[in-house]
Amino acid sequence: MRGTSEVISAVSLAAVSWSLWRVGKAMALIFSLGSHQPVPPSPAWYAGGVLLFLGAHEFGHWRTAKRLGAYPGWPIFFPWPLSVAAWVGWAWLPAFGTLGAWLRIRGYTRLSGSSQWRIAVAGPLAGLAVSVVLLAVGVALSAPVPTGRHIWSKLPVPLLVSAVVPDGILWHPLIMAGWLGVLVTGINLLPIPGLDGWALWTRWAFLTNWQRAGTIASGGCACVCLPWS
């Protein structure tokens, strides 16, 4: 059974890598045309950036669960290879190469509410930290645009992204990877069943004062990771 889980995880990783590479190739071409660079950047910038975010998020859950005595399995990744034409609009926000990942943790329900909270919060923290780094590096690799706008201007921009990414630049594919990581983290921190935010808020009665403060802070984090205009 364990071998089967590893195979499924490896196959899903290969599938999402291909999907992200396909998206990254188109993004690199768009960046090249907009910045007038004769040679597009490698699709690995976007694909690798998103994989770093997904990997950090799932490893945060995995490592914490392992330390607390649970038995995390191998993550399963979900590809979503829609065409580039689908990206520039609200209705197609999932069209960025992946629908995320899922990690099964055996023994999770036997843990205390406080321990479950620690597992839930570890993923978003790790993923968000990587996303901010991706944004910062992407800014350094981006190119200026005279109009101050870019092809991604129709996309909703979270407050955190606005704080890190200045106006007047053509977004490098690595910024797109960081943007996706920030947005996904914001959604994931909402108190919706099945998301990490739900696990944070529904364990309130079992938490220490510090953890309750962290739960409130996660709500604020969700706000700055989501677009409001």
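The values are calculated or read from the model by the stated rules, or taken from the named source; none is laboratory data. None of these values were measured; they are calculated from a predicted model. Every residue, glycine as well, gets a Cβ built from its backbone with ideal geometry; the counts of neighbours run over all protein chains shown.
For this structure, a couple of remarks:
- Breaking point among (1) at pLDDT below 95; (2) touching a Gly at 6+ places or on another chain (Cβ under 7 Å), for Y108: (2)
- Of all residues in the stretch 95-125, those satisfying the criterion of being among the small types (G, A, S) and over 20 Å from G69 (Cα atoms) are A95, G97, G100, A101.
- Only one of W204, W198, W171 that is more than 23 Å from V137 (Cβ to Cβ) and in contact with a Ser or Thr (Cβ under 8 Å, 6 or more places away or on another chain): W204
- If you go through the stretch 22-47 and keep only what is within 25 Å of I76 (Cα to Cα) and free of Cβ contacts under 8 Å to residues at least 40 places away in the same chain, you end up with K25, A44.
- Of the residues making up the stretch 91-98, not a single one is at pLDDT 90 or above and either surrounded by 15 or more Cβ atoms within 10 Å (Cβ to Cβ) or touching a helix residue (DSSP H, G or I) at 6+ places or on another chain (Cβ under 6 Å) (or both).
- Residue in the stretch 21-28 that is more than 20 Å from V139 (Cα to Cα) and part of a helix (DSSP H, G or I) present: yes
- Helices (runs of 4 or more DSSP H) completely within the stretch 106-223 that count 3 or more residues being more than 14 Å from the chain's Cα centre (by Cα) and closer than 17 Å to H57 by Cβ: 113-141, 196-202
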